[in-house]
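K.L.:
Attaching a single structure in structure tokens format; questions to follow.
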Ligand SMILES: CC(C)(COP(=O)(O)OP(=O)(O)OC[C@H]1O[C@@H](n2cnc3c(N)ncnc32)[C@H](O)[C@@H]1OP(=O)(O)O)[C@@H](O)C(=O)NCCC(=O)NCCS
């Protein structure tokens with residue numbers, strides 16, 4: 001039997017427990033393109049039982065890489081990851097969504113701002129969990145940097 005699509009509205013919530021100086025500038029809802037939507041699995045936990053930060057970074061890196069490849073229309077490699085902030089833990093079973101936007105295009109490099117958000121089935125509220133600034137370099141078929149815009 002076909003299931004009816006959900007008409008429930010998703011709410012967004014900034015992390016009210018954040019205590020750093022950027023507290024007032026936290027985005028209340030995702031911006032940019034949704035590039036990854038996945039589930040936090042037990043295999044990705046750390047010794048405390050929360051989801052390992054490295055797994056979240058890898059999801060954001062994969063998502064940013066998709067945007068970089070789309071923008072450059074070629075291979076792209078991560079050359080740096082800056083300003084990673086882990087604002088709240090991710091738990092097993094959380095739905096994790098990564099959003100990204102290209103904020104700068106250089107000659108061969110691109111800056112992509114990424115955020116990761118979680119949502120539990122129970123509360124249907126999106127929480128900002130992690131953010132970071134990724135730089136990718138457009139690569140030719142030999143793995144050498146080449147211009148992002150090659151027209
Ligand atoms: C990406 C890579 C090919 C770049 O080679 P490179 O010799 O540094 O190339 P360049 O010096 O010409 O720099 C290329 C661009 O990257 C930028 N860049 C280089 N190092 C950077 C850094 N640490 N942070 C930000 N940008 C950087 C340069 O400014 C340049 O940008 P522009 O062309 O827009 O001005 C090389 O560093 C590499 O292969 N790194 C490993 C990539 C990888 O394996 N990533 C996966 C993670 S394990």
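K.L.:
Can you figure out the FRET efficiency of residue 52 with residue 29, using R₀ = 35 Å and their beta-carbon distance, to the nearest 0.05? Don't jump to the answer; show the numbers that get you there.
P.N.:
Values: r = 26 Å, r/R0 = 0.74.
Efficiency, from the Cβ-Cβ distance: 0.85.
K.L.:
Between residue 41 and residue 124, what is 0.36 nm times their sequence separation minus the Cα-Cα distance? Round to one decimal in nm.
P.N.:
28.0 nm is the gain from fully extending residue 41 to residue 124.
K.L.:
So how far, in whole Å, is the C-alpha centre of the stretch 31-75 from the one of the stretch 96-126?
P.N.:
The stretch 31-75 and the stretch 96-126 have Cα centres spaced 9 Å from each other.
K.L.:
How far apart, in nm, are the 7 Å Cα→Cβ label points at residue 74 and residue 107?
P.N.:
For residue 74 paired with residue 107, the spin-label model returns 1.3 nm.
Values quoted throughout were computed directly from the atomic coordinates according to the rules given, and no laboratory measurement underlies them. Quick caveat, the model's predicted, so the values are computed rather than measured. When we count neighbours, we look across all protein chains shown, and the Cβ atoms used for this are built from the backbone with ideal geometry, even at glycine.
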